[in-house]
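Questions regarding the structure given below will be posed in turn.
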Amino acid sequence: MLTWTFPTAELRDMLGEPPAGVRVGLWDQLVDDEPADVPLDEVDAVLAPDWVVPEPFERIARAPRVRFVQLSTAGYEHVRGVLPAHVTVANGRGVHSDETAELAVGLVLAQLRGIDVFARRMAVQYWEPGLVKRPSLAGKRVLVVGAGSIGTEIRSRLLAFRTTVTLVGRTSRDTPDGHVHGVDELPSLLPHADVVVVVIPLTDLSEGLVDAAFLGAMPDGALLVNVARGRVVDTAALLAELGSGRLRAALDVTDPEPLPPEHPLWRAPNLLITPHVGGDTPLTEVRVTELVRRQLTALVAGTPLENVVAGPVQPGA
């Protein structure tokens, strides 16, 4: 019998009847020292909470039988070095693709068309169309840095707005959907981008990728959108560009995060901030549940798991 635990009763109940040979339960790794309804030493596999901090995984690491951890997040930087080597980890690739792509496009549109400005004016009943015409998304050259499932979904949505979209991945390659440029080509690509959307995973190589040189290569008036991780962007360098009025930005993630009330990003000009809500919709829970059911079936059958990013390919291998 395989014992799988969920971080919330809602997710456990959404699964419904588990596959044969599986027992499911609730284990609150964040609050209680003892499991909610499954003894710690009986847990084999865990759907981890979606907090991108190491603390819950430090507790999971102490469970003697755990061999598989499923993340609901696409990023997994917060797990590195925390779980033992014998624990297989799978990320939530694909779970947040539609929702995050929607928000990325929404942030682009909001910034270009001034929707955030008009929303603030509505609160004070101020009607002022403005003398300067705001730019349209149509015809823009968009650079999407990150060519995974979310990046490709952003590309497909942006193409519907009659834009030119260039994808950038870790390495240069050809795909059925077109060419993906390598990250080493950014210096030659950035000067021609009206909009840059960042959705690259946080790694040792990508941390601080969007630095002063990166931002400096973007043309005057260009827009930066970050729906990746806050630490991909050098906050001080971005503040300098925003303060000069040369660039605009929209951020769903920040460094630091949560953003303290006194932080200068809150007062930076030409900036729109949302509080890391890219994948925060009811559809996310549905997609997580679907992924869990597929992973449970694979664990019971001994067939390959999806989205493995660390540890043995199969639990117990």
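Report, in degrees rounded to the nearest 10, the 0 to 90 angle that the Cα long axis of helix 97-113 makes with the longest principal axis of the chain.
Long axis of 97-113 versus the principal axis of the chain: about 20 degrees.
Using the Cα centre of the chain as the reference point, and only Cβ charges (+1 on K/R, -1 on D/E), how large is the resulting charge dipole? Debye, rounded to the nearest 20.
On the way: 28 positive and 40 negative charges, 248 e Å.
With only Lys, Arg, Asp and Glu charged at Cβ, the dipole is about 1200 debye.
Would you compute, from DSSP H runs of 4+ residues alone, the mean residue ellipticity of the chain at 222 nm, taking -39500 (n - 2.57) per run and dividing by the full residue count, rounded to the nearest 500? Walk me through the intermediate numbers first.
Details: 9 runs with 90 residues, N = 317.
Estimated from H runs of four or more residues: -8500 deg cm²/dmol.
Determine the order of ILE115, ILE60 by accessible area, beginning with the largest, at a probe radius of 1.4 Å. Kindly include the intermediate steps, with their values, before the conclusion.
Details: ILE115 90, ILE60 5 Å².
Putting ILE115, ILE60 in descending order of accessible area: ILE115, ILE60.
First compute the accessible area of segment 164-205 with a 1.4 Å probe, then give the percent of it belonging to carbon and sulfur atoms. Write down the numbers at each step before the final one.
Numbers: 1240 of 2290 Å².
For segment 164-205, the apolar C and S fraction of the accessible surface comes to 54 percent.
Something else: At a Förster distance of 30 Å, what's the computed FRET efficiency of VAL308 paired with ASP211, Cβ-Cβ distance as r, to 0.05?
0.45
Relative to the longest principal axis of the chain, what angle (0 to 90°, nearest 10) does the C-alpha long axis of helix 235-244 take?
20 degrees
At 1.4 Å probe size, with the rest of the protein present, what percent of the exposed accessible area of segment 1-97 is carbon and sulfur atoms? Before the final figure, lay out each step's value.
Working: 2230 of 4300 Å².
Looking at segment 1-97 in its full context, I get 52 percent from C and S.
Let me ask something else. Among THR303, ALA123, LEU47, flag the residue with its Cα farthest along the positive direction of the charge dipole of the chain, charges on Cβ as +1 for Lys/Arg and -1 for Asp/Glu.
In the chain, that residue is ALA123.
At a probe radius of 1.4 Å, what is the per-residue accessible area of TYR126, in Å² to the nearest 10?
120 Å²
Within 15 Å, Cβ to Cβ, of GLU207, how many net charges do the neighbouring residues add up to if Lys/Arg are +1 and Asp/Glu are -1? Kindly include the intermediate steps, with their values, before the conclusion.
Values: positive: ARG80, ARG170, ARG229, ARG231; negative: GLU77, ASP204, ASP211, ASP234, ASP255, GLU257.
That sum, taken over residues with Cβ under 15 Å, equals -2.
Compare GLU128, GLU207, GLU42 in a GNM of the chain, Cα atoms joined below 10 Å, and give the one with the largest fluctuation.
Result for the chain, Cα springs under 10 Å: GLU128 fluctuates most.
While we're here: I want the local charge near GLY278. Using Cβ-Cβ distances under 10 Å, sum +1 for each Lys or Arg and -1 for each Asp or Glu among the other residues. Mind dumping the intermediate values first?
On the way: positive: none; negative: GLU99, GLU102, ASP252, ASP280.
Spelling it out: positives minus negatives among the neighbours equals -4.
Then there's this: With r as the distance between the Cβ atoms of GLU17 and LEU109 and R0 = 41 Å, compute the FRET efficiency 1/(1 + (r/R0)^6) and round to 0.05. Spell out each step's value before the answer.
Details: r = 42 Å, r/R0 = 1.03.
Once the sixth-power term is evaluated, E becomes 0.45.
Tally Lys and Arg at +1 and Asp and Glu at -1 over the other residues with C-beta under 10 Å from the C-beta of ARG287: what net charge comes out?
Numbers: positive: none; negative: ASP98, GLU99, GLU285, GLU290.
Every neighbour counted, the sum reads -4.
To continue, here is another question. Ignoring ligands, DNA and RNA, what accessible area per residue does segment 138-281 give at 1.4 Å, in Å²?
On the way: 6560 Å² over 144 residues.
Accessible surface, normalised per residue, equals 46 Å².
Sort the following peptides by mean Cβ neighbour count (other Cβ atoms within 10 Å, averaged over residues), highest first: 159-166, 105-112. Write down the numbers at each step before the final one.
Values: 159-166: 15.1, 105-112: 20.9.
Descending mean neighbour count gives 105-112, 159-166.
Ok, one more. Where does helix 149-159 land angle-wise versus the long Cα axis of the chain, in degrees 0 to 90, nearest 10?
For helix 149-159, the angle is close to 30 degrees.
Let me ask something additional. For the chain, modelled as a GNM with alpha-carbon contacts under 10 angstrom, which of ALA90, ALA250, ALA298 fluctuates the most?
ALA298
For segment 165-317, with the dipole built from +1 on Lys and Arg beta-carbon atoms and -1 on Asp and Glu ones, taken about the Cα centre, which of THR171, LEU291, PRO264 lies farthest toward the positive end?
So the residue we want is LEU291.
Compare ASP37, ASP184 by solvent-accessible area with a 1.4 Å probe and give them largest first, with all protein chains kept in place.
So the residues, ranked largest to smallest area, are ASP184, ASP37.
Right, next: Choose one answer from PRO54, PRO282, PRO191: the residue with the largest mean-square fluctuation in a GNM of the chain with alpha-carbon springs under 10 Å.
Greatest mean-square fluctuation among the candidates belongs to PRO282.
The values are calculated or read from the model by the stated rules, or taken from the named source; none is laboratory data. The structure presented is a predicted model; accordingly, all values stated were derived computationally and were not measured. Ideal geometry is used to build each Cβ from the backbone, glycine not excepted, and the neighbour counts take in all protein chains shown. In case anyone asks, the SASA skips ligands and DNA or RNA and just uses the protein heavy atoms, side chains included. Shrake-Rupley method; radii C 1.70, N 1.55, O 1.52, S 1.80 Å.
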